[in-house]
Amino acid sequence: MSVALASFNGERHLESQLDSLARQSALPLELVIADDRSTDGTAAIAAEFARTAPFPVHFTVNPERLGYTRNFLAAARSCRGCYIAFCDQDDIWVPEKLARVAAALARSPRQLDLVLHTCSLLRGEEVDPEIFPAYLQRPGTFAPLELNPLCIVPGHSIVAHRHLVELASRFLDLLPEGVFVGRGHDDLTYFLGTVAGTTEVLDAPLVLWRQHSGNTCGVPRSAGLTRPEVQPHLQFLTSHAAKWSALAQALGELANNGDATFSSGLARASGFFESRARFFTMRGHVSDPAVAYGSRIKALFGAHLTSRRVRGSGRREGLRNLLRDLASLLLGPQRLER
């Protein structure tokens, strides 16, 4: 198992992260650090660590800035291990992290494409009792589309098969802007692994996720209290229909031109998201006052009798969607808020 670390001006916390890698009870095959042209002491810290590290350390500087996502993917694609653990520059790994992941891989009767785990939040020197993400606290082995592929899972909670990393790099080039909010290496890898691969979830917080002002992605204390931005109902439906359609197209292209290991799973996922696009398109017709009323009623029944919900959304969400669309039909979409 290799560790892929993407660095950029990380001197403030990098040393403690590297020390936690050296303290792993099961050491990695190697550590690959791709530096995105840091201007601080990151390179010196990495070089000093490489002198005494109990495993090989490969440090490279990009010839030009790649940005967060492509820098991580470049680091991961340079790894030699069959499995790759993403590593941020500012966290602390629990000593048993790699050992727990390796044990899960060893006991699985079939090849795992993705291993996920939870983390604890580190605020200053205090460990927050909250475990994140909450939806990963259900351990087990999951087939494609049994987990919600649109959830947010931080990269340090992901260990991926190298075939999945190669797939994520190609997928990034196929995706139009705006389909993924973050378009991070973790978003792409988690999405592809859960729609087309086999995923193992460990209910164990194996990383201390440091929260600070420089986080690329963090969890504010008020995260659960913030109301999402209000979006007009019809606009919400049409924008989601376009996103699901774009996802279906990209997955279809990847199935035809990607790794044969995932081709059948990717093709099924493409069909799934195409059905989601049709579902939101029909819901959009229900809410569109420009569509004839009889056609809107027909679209309402068509959407909710034949739709395939994203797994994990549950019956309650399906009922809410039905009631919302009925209200839009009877009262008009301008009366609804997202």
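I'd like the distance between the alpha-carbon centres of region 264-302 and region 152-210, rounded to an integer number of Å.
28
Starting from the 7 Å offset along Cα-to-Cβ, what nm value, one decimal, do you get for the label separation of residue 130 and residue 330?
Modelled inter-label distance: 3.8 nm.
Quote the FRET efficiency, to the nearest 0.05, computed for residue 96 versus residue 141 with a Förster distance R0 of 22 Å and r equal to the Cβ-Cβ distance.
Efficiency for this residue pair is about 0.65.
Only loop residues by DSSP count here, and only those with at most 10 other Cβ atoms within 10 Å; note down the chymotrypsin sites (Phe, Trp or Tyr not before Pro) in region 113-178 that meet that. Could you put the intermediate results ahead of the total?
Numbers: sites: 135, 142, 171; in loops: none.
Qualifying residues, ordered by number: none.
With labels modelled as points extended 7 Å from the Cα through the Cβ direction, what inter-label distance (nm, one decimal) is found for residue 151 paired with residue 9?
My value for the distance between the label points is 3.4 nm.
Heavy atoms only, 1.4 Å probe, whole protein assembly: order 86, 301 by accessible area, highest first.
Result, largest first: 301, 86.
Along the charge dipole of region 31-135, which of 111, 63, 39 sits closest to the positive end, that is, farthest toward it, with unit charges on the beta carbon of Lys, Arg, Asp and Glu (+1, +1, -1, -1)?
Towards the positive end, the residue furthest out is 111.
Need one number for the chain: average projected area of the convex hull over its C-alpha atoms, nm². All intermediate terms of the calculation are to be shown ahead of the outcome.
Numbers: hull surface 72.8 nm².
It is 18.2 nm².
Report the percentage of all Cα-Cα pairs in region 29-160 whose separation exceeds 19 Å, rounded to a whole percent.
Value for region 29-160: 59 percent of Cα pairs lie more than 19 Å apart.
Please give me the summed charge of the neighbours of residue 80: other residues whose Cβ is under 12 Å from its Cβ, Lys and Arg +1, Asp and Glu -1.
With Lys, Arg at +1 and Asp, Glu at -1, the net is +1.
Full extension from residue 52 to residue 170: what is 0.36 nm times the residue separation minus their Cα-Cα distance, to one decimal in nm? Display every interim value, and only then the final one.
Numbers: separation 118, 0.36 × 118 = 42.48 nm, distance 3.58 nm.
Separation in residues times 0.36 nm, less the Cα-Cα distance, equals 38.9 nm.
With +1 on the Cβ of every Lys and Arg and -1 on the Cβ of every Asp and Glu, and nothing else charged, how large is the dipole of the chain about its Cα centre, in debye rounded to the nearest 20?
With only Lys, Arg, Asp and Glu charged at Cβ, the dipole is about 1580 debye.
Which order do you get for 298, 97, 243 if you rank them by accessible area with a 1.4 Å probe, largest at the top? Mind showing how you got there, number by number?
Details: 298 155, 97 0, 243 65 Å².
So, going from the largest accessible area down, we get 298, 243, 97.
Let me check I've understood the local charge: for residue 325, count other residues with C-beta under 11 angstrom from its C-beta, Lys and Arg +1, Asp and Glu -1. What total comes out?
+4
If ligands, DNA and RNA are left out, what is the accessible area of residue 170 with a 1.4 Å probe, given in Å² to the nearest 10?
Counting only protein heavy atoms, residue 170 exposes about 90 Å² to solvent.
The values are calculated or read from the model by the stated rules, or taken from the named source; none is laboratory data. Keep in mind that this is a model prediction, so the values were computed, not measured. Ideal geometry is used to build each Cβ from the backbone, glycine not excepted, and the neighbour counts take in all protein chains shown. All accessible areas refer to the heavy atoms of the entire protein, side chains included, with ligands and DNA or RNA removed. Shrake-Rupley method; radii C 1.70, N 1.55, O 1.52, S 1.80 Å.
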